[in-house]
Structures are given as structure tokens and as C-alpha cells.
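Enquirer: Got a structure for you, questions after.
Every number here is computed from the coordinates shown, using simple stated rules; none is lab data. These figures come from a predicted structure and were not determined experimentally. All Cβ positions, even for glycine, are placed from backbone atoms using ideal geometry, and neighbour counts span all protein chains on display.
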Amino acid sequence: MHALQAFTPNPNPLAQQWLSALVAMVPILVMLITLGGLRWKAHYAGLLSWAVALVIAVAVFSMPVGMALSTSAHGFVYGIFPIVWILLCAIWMYQVTVVSGRFDDLRTTFFLISDDPRVLGLLIAFCFGGLLEALAGFGAPVAIATVMLIAIGFSKLRAAITALLANTVPVAFGAVGLPVLMAAQTAGLPVSEVAPITGRICALLCLIVPFLLLAVIDGKKGIVECWPIGLFVGAIFGAVKWVVASTAVYNLTEIFAAVITVGAAIVFMCFWSPKGSQEAVPRVGRPIDPSIEAPFVATEKTDTSDLNARTIAMALVPYILVIAVFSVAAIPAVKSALVATDVTFAWPGLESLLTPAGEHSSHATFTFGWLSTPGTLLAIVALLVGLIYKVPMRTVLGELWINAKKLKFTMVTIGSVVALAFVMGDSGQTLGLGLWIAGAGAFYPFFAPVLGWIGTYVTGSDTSANLLFSSLQASVGDQIGHKALLVGSGAAGGVVGKMISPQSLAIAASAIGIAGSESTILRAVFKWSVLLLVFMCLISGLMSTPVLGWLLP
């Protein structure tokens, strides 16, 4: 029996980088056209895009058929666990609160901060969502923030779009700083050189995103009537991010930013209140697309007079537990103990798969983090919520099964999209596309965020995008200078690709319970993603010149 011949990806199989990149771009274009243009159901678009990437991997990039199928299978399984598992448990936790009867109390509690749904939308999606991204990541912030927005009266699509748009700024420092750490390590740079740059670019983004959120939530009136809180929240969040990202506790950047901003906003609301709060309620709850959303039902003014300290505390139990459980799990000693339970094994058929650098691919092994994954931590929270709310365990577990059945098509979507990402990355397609963009020479700093954007769109993860492209960013930096800037801006660019990632779209669609709404959501958020990407490209490029060079640490 002969040993399998090692396969090293060739990012330029056609001898012309632009041509190789053009072919590598085809699966991405197929996904965008079928999902956003032709409005296919996401699982069909995902499967076709994966099939196209598989054919290109074998026919153009010369990847062995067995290896291409094996890495696809690995990607599909990884999509189910941990990604779908995290989504399922986030929705499960929410459903336990619904069947317990505490859901209305939660909605009412939010209105103690403000009776304006636009203000609450900012605090929940931007601040609390940022805290969840810092602690968990992997789609949990979008799923949880979406259902919380629905709880305060948002229409379903508006809630999903708001949560996706808000889940940009915190992504680079999500999962306790993992994305920016991986960017630095992959590039061979100290994280102390990369984190401040990423933090400062994202901090500038904080001055824009709150106003885009207000536009999504309530159009021009949202901006005109609520711009003071938008400016205040963005400035505080950005300032804290700017400062903390440059310190030794960079990995806690989003935790500090979220908590301090919410506290400051509550104080701010004691001295300012927006106009037109009650008039905004029906506008926020009005369906964006009546053809797929439930009919509009006017909501009455929320009465908070029946709330007391115990009712409020019980209503907030699920989210207090989320923060507590994930905070404990992030303690280094606890995190190490959880990771020690991971089960790692070789993935069949990938033992001869190498990286372009000639090293063994990380995809040659599979890690089953049954206890360390955020999904299991959310499952623990769901069970605790059931016990505290005295929901029969049979009902609690029944909700898990009911929602697992509802997610069957989402499982196919996410599994096929991750399979697409794996086969594109392992065959050299993604790197080929990146190398072509990197050929911009001295103008490259203006395009560095684009690699992060593409990588996060394809993989659904800023961490994965950084692992994929940071070494390329560093190589270009060695040639033209500004090495830390290119690596840091690439990590920052990934945050605006998150909202259009098919994985994120599937998570949002599942959270609102509208099957097949991914295409509608994509069309709504794509323009914001491109707008923010252009802004980041300008900032990155100008930071390589005297115009904004003073922003560099």
C-alpha cells in the first residue's frame, strides 16, 4: 500500500495571478448571485457554491479528489459542531424563557432604562451584543441580541438586520481577543504592535455604526431625534476601545468598552431624552417585508408600574447567567481545564495535506471541544434557567428537540458554507485571491482591509481570516513597509465582512424563525458592509501616509 502523496496548495495554477484569482472568485460570486440576486434558499445556494468550489479545487488547483471531499466533510462537520450547536443552544435558552412566562417581564424591564425602542436598540445590539461577542462569539451575539430586540417590539427582519450591523465593531477583539492574537502570531509580530492598530481603526468605526443603526431602526427620524445618544455611545465605546487595545489587557477590550458604555449611557439618559419616543414604537415594529413577516400589530405604551426588584432580577436571570458563566469560563485556569477535556483525532484522508508554507495543515486533525465550546456553556445556562424558573425538565429538553428540528435547513446551510471555506482554503483558492489583491504595491495599504473582509465572508470568522491572510499581509509589509499596519488593518477589515457571511445570515434567519429570509437580510446589509469597508480602506491607506500617520502607535 503506497503512502498518499503530499499536496501543497498552489495559489497560482494558471501562471497568471489575476486569472487564478478570477477563477478562485467564482464560488464567492455564485453565493452572492444565487443568494442575493436570485433569492435562492440559503441551503441550496450553499450547496451549489460548495460544489463549484470543489470542482475548481480539483480541475484547476489540482487538489486530489479524495482530499477535496475529505476536507469538505471536515468543514461540514465543523459547521455542525461547534457552530450550529452554539446557535441551537442560544435559541434554546431563549425559548426556555418564553415557555416559563418570564419573557414579557424581560421586555418590560428594558423599558425602565428608556421608553424609546431606538435607544434600547443601540444599547442591546451595540453594547450588550459587544459584550456577548467578547465572551462567546461564534454567532451567539447575533442570535441572542436578535431575540432581545424582538422582545422590545422590533419587527423580526429589523431585529436581525440591526443585530448583524451592530456585530461589527467588537468582532476583532471577540472571544476574549482571539482574532487579533491569531493575526499577530500568524504574522510573527508581538500582539502589542498589532492590537493598538486594529483597536484604533475599529474605534473610528464606532463613530459611524451607531448612526447607521439608528437609520436601520427608524430611518431619518431615528438619526435626527436620537443623534445625541448615538454620538455619545459611539464616542465612549470608541474611546475605551482605543485606550484598552493599547494595554496589556487588550483581550478585555470589548468587555471594558461594553460595560463602561452602558453605565455611561444610563447616566446620560438621566439628563437627556429623545423626542418622538412613542411615535417611533409603531415604526420600529412595522414589518420591513410584509410578504414574509407577520402582520403589523400596534403596540401600546409599556406599563412598568408592576415591576419590582424581584421581578426585574428574575427577568434578567438568563443574561446575568450568560455573563457569569462565560466570565468564569474565560478565567485562564478554568479555560485550561475546559480545553483539557477536548478530544482531538486525525481526520481521515488529510494526513498528507500541507499549507502553502509546507507545514502540516491544521485541518488534518479535528478537535471535539464538547465542554469548552460556547454552545455547551449556553446549554448549561439554558438548564440553569429552567431550574430557576421551575420549568419541568421534560419541557426544557422538549424545547431543545423542537428547535433542533426547526434548524435542519440551517444545519445544511452552515455545514455547506464551512465546507466551501475549507475546500477553498486548502486548495489554494482563497490565498490565490489574496495574492492578487496584494499585488497593488505601494497602494496596498488602501486594500489591506479587503483581505480581511473577503476572508471573514468566506470563513464566517475573523479569526480564520486572520490565520489565512496575516502571513501574506506581513510578507507584503516586509516589501513595502508598514508591516504592523497591514496586519492590524486586515484584522479590522474582517469585522465588516461578518455581517454578510452566509453563516451569520443563516444564524440571523434562524433566530427570527423565518426560513428562507437570508436573501432578504443580505440585500439589506450588503450596502452597509461595503460602505464601512470603503471607510476602513481609506483610514488604513491614509495611516500609511503623513495625513493620518500620526494615528499609529
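Enquirer: Would you give the gap between the C-alpha center of the range 238-293 and the C-alpha center of the range 92-166, rounded to a whole Å?
Expert: One Cα centre to the other: 11 Å.
Enquirer: Taking the radius of gyration and the Kirkwood hydrodynamic radius from Cα positions alone, what is the Rg/Rh ratio for the chain, to two decimal places? Working shown, then result.
Expert: Working: Rg = 22.7 Å, Rh = 23.6 Å.
Using only Cα positions, Rg/Rh for the chain is 0.96.
Enquirer: Given N residues in the range 214-327, what is Rg(Cα) / (2.2 N^0.38 Å)? It would help to have the intermediate numbers written out before the result.
Expert: On the way: Rg = 17.9 Å, N = 114, 2.2 N^0.38 = 13.3 Å.
Taking the Cα Rg and dividing by 2.2 N^0.38 Å, one obtains 1.34.
Enquirer: Then there's this: Which value in deg cm²/dmol, rounded to the nearest 500, describes the helix-derived mean residue ellipticity at 222 nm for the chain, given -39,500 (n - 2.57) per DSSP H run of n ≥ 4 and division by the residue count? The partial results should precede the final answer.
Expert: Numbers: 27 runs with 362 residues, N = 553.
Calculated at 222 nm, the ellipticity per residue is -21000 deg cm²/dmol.
Enquirer: Neighbour counts of other C-beta atoms within 10 Å: give me LEU468, LEU532, LEU407 arranged from fewest to most.
Expert: On the way: LEU468 27, LEU532 24, LEU407 19.
So the residues, fewest neighbours to most, are LEU407, LEU532, LEU468.
Enquirer: Run the numbers for ALA309 and LEU29: contour at 0.36 nm per residue of separation, minus the present Cα-Cα distance, in nm.
Expert: Working: separation 280, 0.36 × 280 = 100.80 nm, distance 5.29 nm.
Difference between extended and current length: 95.5 nm.
Enquirer: Report the extension gain between VAL243 and PHE345 in nm, rounded to one decimal, defined as 0.36 nm multiplied by the number of residues separating them, less their alpha carbon distance.
Expert: Numbers: separation 102, 0.36 × 102 = 36.72 nm, distance 4.10 nm.
Answer, rounded to one decimal: 32.6 nm.
Enquirer: As a test of understanding, state the convex hull volume per residue of the range 397-553 from its alpha carbons, in Å³.
Expert: Working: hull volume 19.1 nm³, N = 157.
Spelled out: Cα convex hull of the range 397-553, divided by residues, is 122 Å³.
Enquirer: Counting residues in the range 44-200 as N, plug N into 2.2 N^0.38 Å and put the Cα Rg over that result.
Expert: Details: Rg = 19.8 Å, N = 157, 2.2 N^0.38 = 15.0 Å.
Rg over 2.2 N^0.38 Å, computed on Cα atoms: 1.32.
Enquirer: In addition: Sorted by average packing, counted as other Cβ atoms within 10 angstrom per residue and highest first, what order do 232-241, 155-164 take?
Expert: Details: 232-241: 22.7, 155-164: 27.7.
Taking the mean over residues of other Cβ atoms within 10 Å, the ranking is 155-164, 232-241.
Enquirer: Hey, could you grab the Kirkwood Rh for the range 307-350? Inverse mean 1/r over distinct alpha carbon pairs, Å, one decimal.
Expert: Values: mean 1/r = 0.0744 Å⁻¹.
This gives a value of 13.4 Å.
Enquirer: Tell me the relative contact order for the range 76-194 as a rounded percent, counting alpha carbon contacts under 8 Å between residues six or more apart. Don't skip to the end; give the middle numbers.
Expert: Details: 116 pairs, mean separation 29.6, N = 119.
Computed value for the range 76-194: 25 percent relative contact order.
Enquirer: How far apart, in nm, are the 7 Å Cα→Cβ label points at LEU316 and ALA357?
Expert: 4.6 nm
Enquirer: Please compute the modelled spin-label separation between ARG523 and TRP401, points set 7 Å along Cα→Cβ, answer in nm with one decimal.
Expert: 3.9 nm
Enquirer: At a Förster distance of 45 Å, what's the computed FRET efficiency of MET393 paired with SER273, Cβ-Cβ distance as r, to 0.05?
Expert: 0.55
Enquirer: From the cross-link list LYS41/LYS408; LYS406/LYS527; LYS498/LYS527; LYS220/LYS498, which pairs have alpha carbons spaced over 19 Å apart? Before the final figure, lay out the partial values.
Expert: Details: LYS41/LYS408 13 Å; LYS406/LYS527 30 Å; LYS498/LYS527 13 Å; LYS220/LYS498 25 Å.
Beyond 19 Å between Cα atoms: LYS406/LYS527; LYS220/LYS498.
Enquirer: Relative to the Cα centre, what is the charge dipole magnitude of the range 191-258, using +1 at the beta carbon of each Lys and Arg, -1 at the beta carbon of each Asp and Glu, and rounding to the nearest 20 debye?
Expert: Working: 4 positive and 4 negative charges, 23 e Å.
With Lys and Arg at +1 and Asp and Glu at -1, about 120 debye.
Enquirer: Between LYS335 and LEU14, what is the label-to-label distance in nm when each label sits 7 Å out along the Cα-to-Cβ direction?
Expert: Modelled inter-label distance: 4.2 nm.
Enquirer: PHE368's amide H: which non-local residues (gap 5+, or another chain) put their own amide H closer than 5 Å, with H modeled 1.01 Å from N in plane and none for Pro or chain starts?
Expert: VAL343, THR344, PHE345
Enquirer: Determine, for ASP289, ASP342, ASP426, ASP218, the number of other Cβ atoms within 10 Å of each Cβ, and report the residues in order from fewest to most. Kindly include the intermediate steps, with their values, before the conclusion.
Expert: Values: ASP289 16, ASP342 13, ASP426 30, ASP218 24.
Ranked by crowding around the Cβ, least crowded first: ASP342, ASP289, ASP218, ASP426.
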